[in-house]
C-alpha cells in the first residue's frame, strides 16, 4: 500500500509541472510599464521565459535622485494559462528613495501571479495588484 502511494505521489509531482507550462510565455519580453497603486511608471528591462525558468531584470523611477529603482528575480515557474507561480531563487529589489528598505536581496517566497496575453503584450498582475506590462521582444 505505501509503495503504491509513494509511486502515485512521484508520478503526480513529475507530471503536473510539465502539464502546467503555458508555452506562449516562452521567449523574451521587453519591459514597458510598471503600474504601482494604479499609477503607470515607464520601465526598462527584460523578462525571459525558457520552458522551465524565468529571469526578470527591470528598472524604473519612483523617487527623485540619480539612481533608478530596480527589480531582479529568477528561478523556475509553472503556468496554467491564467496564473503563473514564480519560485524566486533570486529576489533583488533596489529602492534608493526608501529610508526603510533600500536594498532587498534574498531567495523570495513563491509568488502566484495572474497574467493575460493580449496580442504581443503580457500583463502580469501581482498579489499586490501592481502590474508589469511587457511587450514581446522581436528577435
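The values are calculated or read from the model by the stated rules, or taken from the named source; none is laboratory data. Since we're looking at a predicted model, the values are computed, not measured. Cβ coordinates were reconstructed from backbone atoms using ideal geometry, including for glycine residues, and neighbour counts include every protein chain displayed.
Laid out as a table, the results:
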| quantity | calculated |
| --- | --- |
| Residue among 30, 21 that is at pLDDT below 95 and under 17 Å from the mean Cα position of the chain (by Cα) | 21 |
| Residue among 78, 74, 70 that is in a strand (DSSP E or B), more than 19 Å from residue 31 (Cα to Cα) and touching a strand residue (DSSP E or B) at 6+ places or on another chain (Cβ under 6 Å) | 78 |
| Leading residue by the ranking (nearest to the chain's Cα centre (by Cα)) among those in region 81-94 that are surrounded by fewer than 16 Cβ atoms within 10 Å (Cβ to Cβ) and in contact (Cβ under 8 Å) with a residue 24 or more places away in the chain | 85 |
| Enumeration of residues in region 95-139 that are part of a strand (DSSP E or B) and either over 21 Å from residue 22 (Cβ atoms) or free of Cβ contacts under 8 Å to residues at least 12 places away in the same chain (or both) | 103, 104, 105, 106, 118, 123 |
| Selection from region 37-60 of residues that are surrounded by 17 or more Cβ atoms within 10 Å (Cβ to Cβ) and at negative phi | 43, 47, 49, 54, 56, 58, 59, 60 |
| Pair list, Cβ < 6 Å and 6+ apart or interchain, from region 53-71 residues that are under 20 Å from residue 122 (Cβ atoms) to residues that are part of a loop (DSSP other than H, G, I, E, B) | 59/68 |
